[in-house]
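Rule-based calculations on the coordinates, nothing more; no lab input. This structure is a prediction, so every number in the text was calculated from the model and none was measured. Glycine gets a Cβ as well: all are built from the backbone with ideal geometry, and neighbour counts include every protein chain shown.
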């Protein structure tokens, strides 16, 4: 079975950088550019206040993208 990991495209959207090891090299990547397992590993290191700060930073990043592209969610 092929165990190739597909990594997200680097978009640098959120400004929350994490140091992760990929293919034997360390990289500093935005939280939104991490795989789900890398995101989970990062989040387990945060306390309650850290998780709240992450929520606020993600909300701000999403708001900024929406404002800059003039998009809104429709039903």
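Couple of notes before you dig in:
- The stretch 17-69, relative contact order in percent, only Cα pairs under 8 angstrom and at least six apart counted: 20
- The chain, helix-only ellipticity at 222 nm - DSSP H runs n ≥ 4, -39,500 (n - 2.57), divided by all residues, nearest 500: -13000 deg cm²/dmol
- C-alpha long axis of helix 48-69 to longest principal axis of the chain, angle in °: 60
- Computed E for residue 71/residue 44 - FRET, C-beta separation, R0 35 angstrom, nearest 0.05: 0.65
- Likely footprinting exposure, 65, 16, fewest C-beta neighbours within 10 Å first: 65, 16
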